[in-house]
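Visitor: I am attaching a structure below and will ask some questions about it afterwards.
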């Protein structure tokens, strides 16, 4: 193999050939970022719950209650899977997980309505998933409001023209617009931040494993005791460059291929994406290099980094609203690039924000990149001194 | 028999010595799960997020619209941090992530309302942030609906109707929703009960294959095998028993914090949940062991498999996105994960207080995941005798 003169290229080539030969590292830096996003996108690909089975207890058995039930059944959200005679039967179905909700129509439903009184319909939701409650509530409340308007207009307010009727129905009209995720789907909400999290975690695992291997191979040192490894800057830049470039490729694979295959929102300009990926990946790379220096065995990195994924997702404020996160955890979250990166990516790719709109996040990422870069330099300086000390002793 | 017990005891002692020499073990096994317990319970302290930031675009700015916005300001979830008369400004704030929703009252709303020309108000939610958007959407919808009803109510009052008559006219059918077991829709209750045990179970899977794989890595698998008197199961029990006890204690501590200190709903009583905790620990160890038997002697592959599958089980447990909504292959796949079954048992037992017979299949699945590795012990025996560590 031709050995280039510049130490930085030397380190770069060394790291690259090491990685390519190591199947364990390849799993994390090639297979994981290539395949995991597809798997996740497929899990959430259905976007939302449709035709959730619920059961109905109709104590009224009138034309009006049947109309109500038929309308509920017709909604896309739920389907009436069973009619039960009593609440006890319905509860039994619920316990057996055959249905996920009970709609109960009281015996005086129709009579009360004819009398012009209010009547109360009960909806009992299973909470195995929060989405069950949401879809059932939406389906039933939409039907109830529609019927309420009909009753109001046809039975209580005498209108003569269709214009009057429309006014009586809707004294104020309202439009609801879901922005940036018009179907209100799960994939479009969760996959973009998960993509960015996978980048960071895969980087940490890959770098961690390669560091652990060096430690095992060179008796506790992260660098081989050869003359090419004397220049701190060359090592830090050379090693970082390998992972940075590879993951830049992965980042574009995710933001273009995965996003397009699964129809996720993509409103970003190429330049904005690049302007975000560079600081994000730099920060991730050098964070991975710095934290990996605490790893002494290849496999330790899996222990240390894997289970961080879920807490990091929460700390980012994408799944749990950022506005409700206590200050202490905001501070803890701010030392990880993912916290800033997930938000910036969601905004740039999903909401068409420009780099200027994410100024705070991008700045934070550059600062983190600089801090972790310096820490990595310090760490390597220390390691070089250790290596030199050892070779003197030998 | 006595020999076997002595052997197990010796292997356990050897295992404990190994833990004490490795700080990483202590960090991962004790500090991390307890740290997550603290983190998640304090992170979601508020239960249901309230006072989420939103923007108000009042292009009309009259006393009528101001009255409307004052009503909006009293809502539980909504907190207007930005009041402006330019929609672009609000949209920019949304793109900067400062607000999750925009409520817009267009120019001419008051005039249209006064002259009975059906004004249109609109609200925009940012569904890239799903939870916040759903909560705000619910609030704003309710408010807009109310605004319309309030107008009818005023008209009817002026015509001399009684209030009960009015309510029977404008809202004849009332929907009363009962989220079972968690009436306040406290996210923290269910989410903490999924994530914290889930993270512990992930840690268990990883450390199981790590601790066993370590023997091969240090080239001591033959010594362990001899210590066990040539019995694979003795070696495995001796290796894993200290972890079982430690993790069970941590699981019970989590149960106590949840159901006793934080007063999360627990219909079945704490001892029962502790029993399911023990079963979850055993099943997770079984899962880790199974992965190691799939790649005998190769701890890295076993750990990679544990981590790739172990992180996925949070999605496939089905709390945020229900399993019933996923494609069929994933519905089947969810059954191999201990967390999915533990979560179903939790909902059945602690949240709803139903009889355990309704989730017997999940209990059986956990027992099965725990017992299954024993079928493949011959692979371990083979690995003890013939396999060397592969990096």
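Visitor: Given a Förster distance of 35 angstrom, what is the FRET efficiency for residue A:252 paired with residue B:81, based on the Cβ-Cβ distance and rounded to 0.05?
Guide: 0.50
Visitor: Still on this structure: Taking the C-alpha atoms of chain A, how large are the radius of gyration and the largest Cα-Cα span, Dmax, in Å?
Guide: Cα-based Rg and Dmax for chain A come out at 29.4, 104 Å.
Visitor: Obtain the nm distance between the two label points defined at residue B:256 and residue A:13 by a simple spin-label model: each point lies 7 Å from its Cα along the Cα-to-C-beta direction.
Guide: 6.1
Visitor: A follow-up question, please. Take the alpha-carbon centre of the stretch B:285-352, take the same for the stretch A:211-273, and report the distance between them in whole Å.
Guide: Measuring centre to centre over Cα atoms gives 30 Å.
Visitor: Where is the GNM fluctuation largest for chain A (alpha-carbon springs, 10 angstrom cutoff): A:19, A:69, A:27?
Guide: Of the options given, A:69 has the highest mean-square fluctuation.
Visitor: For residue B:374 and residue B:218 in one chain, what is 0.36 nm times their gap in residues minus the Cα-Cα distance, to one decimal in nm?
Guide: Between residue B:374 and residue B:218, full extension yields an extra 53.7 nm.
Visitor: For the stretch A:53-198, rounded, prolate or oblate, judged on the Cα gyration tensor with a ≥ b ≥ c (square roots of eigenvalues), a/c < 1.5 rounded, else prolate if a/b > b/c?
Guide: oblate
Visitor: When only C-alpha pairs under 8 Å and at least 6 residues apart count, what is the relative contact order of chain A, in percent?
Guide: Dividing the mean separation by the residue count of chain A yields 19 percent.
Visitor: Counting only DSSP beta bridges with both residues in chain B, what percent are antiparallel, rounded to the nearest 5?
Guide: Expressed as a percentage, antiparallel bridges in chain B total about 30.
Visitor: Please state the relative contact order of chain B as a whole percent: Cα pairs under 8 Å, 6+ residues apart?
Guide: So the answer I get is 18 percent.
Visitor: Can you give the average number of partner chain beta-carbon atoms within 10 Å of each beta-carbon in peptide A:315-328, as a whole number?
Guide: 6
Visitor: In the stretch B:262-284, which residues have a backbone nitrogen under 18 Å from the label point lying 7 Å from residue B:249's Cα in the Cα-to-Cβ direction?
Guide: Only B:274-275, B:277-279, B:281-282 pass the distance filter.
Visitor: What is the distance, in nm, between label points placed 7 Å from the Cα along the Cα-to-Cβ direction at residue A:388 and at residue B:120?
Guide: For the pair residue A:388/residue B:120, the computed spacing is 7.4 nm.
Visitor: For residue A:82 and residue B:360, what does the FRET efficiency come to when R0 = 30 Å and r is the distance between their Cβ atoms, rounded to the nearest 0.05?
Guide: So, using R0 = 30 Å, E works out to roughly 0.90.
Visitor: Distance from the Cα centre of the stretch A:60-74 to that of the stretch A:140-181, in angstrom?
Guide: Going from one Cα centre to the other spans 19 Å.
Visitor: Is the C-alpha gyration tensor of the protein assembly as shown telling us rounded, prolate or oblate? Criteria: a/c under 1.5 is rounded; beyond that, a/b larger than b/c is prolate, otherwise oblate.
Guide: Oblate, since a/c reaches 1.5 and b/c is not below a/b.
Visitor: Further, regarding this structure: From Cα pairs below 8 angstrom and at least 6 apart in sequence, can you work out the relative contact order of the stretch B:52-170, rounded to a whole percent?
Guide: 26
Visitor: Cα gyration tensor of the stretch A:219-301, axes a ≥ b ≥ c as square roots of the eigenvalues: rounded (a/c below 1.5), prolate (a/b > b/c) or oblate?
Guide: Because a/c hits 1.5 or more and a/b exceeds b/c, the stretch A:219-301 counts as prolate.
Visitor: Counting pairwise Cα distances across the stretch A:46-111, what percent come out greater than 21 angstrom?
Guide: So the portion of pairs separated by more than 21 Å is 23 percent.
Visitor: Run the quick spin-label model on residue B:89 and residue A:21: label points 7 Å from Cα toward the beta carbon, then report their separation in nm to one decimal.
Guide: Calculated label separation equals 6.4 nm.
Visitor: Taking R0 as 41 Å, what FRET efficiency do you get between residue A:328 and residue A:59 from their Cβ-Cβ distance, rounded to the nearest 0.05?
Guide: 0.20
Rule-based calculations on the coordinates, nothing more; no lab input. Source: prediction; values computed, not measured. Cβ atoms come from the backbone with ideal geometry, glycine included; neighbour counts cover every protein chain shown.
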